[in-house]
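Participant: Structure incoming, see below.
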Amino acid sequence: MNLFEVVLFIVVFVAGVVCAGVAGQRFGGVGLVLGFAVGSATTLLVLRVLLRRGNEAASLPPCRMPEDRKHRYRAEKGTDGEALFECSCGACYVLDAKHFTQLLKDGSLRPYMKRSRRGARWEMDL
Ligand SMILES: [Zn+2]
């Protein structure tokens with residue numbers, strides 16, 4: 001566990017204790033247990049969503065080049081609503097709200113991956 005995880009754990013724990021205190025005063029022992037569970041679970045979910053947003057490059061699908069195993073992306077300048085990423089192997093990709101499309105050397109776009117309906121996973125963009 002690194003320092004960041006310790007801080008996250010404390011935040012989640014404190015949120016659980018606060019909710020347990022509030023629910024415990026109203027509903028007694030059952031409220032205490034349920035309040036802690038609901039408070040900490042909700043905080044954990046919110047933090048997960050927030051952290052995923054902030055770390056977009058890490059949540060991108062792997063590079064499509066078979067010889068490339070590191071697929072380290074570097075963010076390039078994008079246009080409105082689109083972000084441009086260059087892989088360490090030289091392949092370029094365009095990310096918009098739903099699609100992760102390969103930008104070929106001649107400037108044309110080749111579909112690669114798209115977000116699943118709920119946005120949590122990547123699937124092939126055909
Ligand atoms: Zn690559």
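Participant: Hey, what did the chain get for relative contact order, percent, Cα under 8 Å, at least 6 apart?
Facilitator: So the answer I get is 11 percent.
Participant: Right, something else. Report, in degrees rounded to the nearest 10, the 0 to 90 angle that the Cα long axis of helix 3-54 makes with the longest principal axis of the chain.
Facilitator: 20 degrees
Participant: Can I ask one more? Under the 0.36 nm per residue contour assumption, what length would be gained going from the current alpha-carbon distance of Arg72 and Phe13 to full extension?
Facilitator: The span from Arg72 to Phe13 would gain 17.8 nm if fully extended.
Participant: Continuing with this model, one more query. So what is the diffusion coefficient of the chain in µm² per second by Stokes-Einstein at 25 °C and 0.890 mPa s, using a Kirkwood Rh over Cα pairs?
Facilitator: Taking Rh from Cα pairs, D becomes 141 µm²/s.
Participant: Could you work out the local net charge near Asp125, counting Lys and Arg as +1, Asp and Glu as -1, over the other residues with Cβ closer than 12 Å to its Cβ?
Facilitator: +3
No lab work stands behind these numbers, since they all come straight from the coordinates. Just so we're clear, the structure is a prediction, and the values are computed from it rather than from any experiment. Positions of Cβ are backbone-derived with ideal geometry, glycine not excepted, and every protein chain shown enters the neighbour counts.
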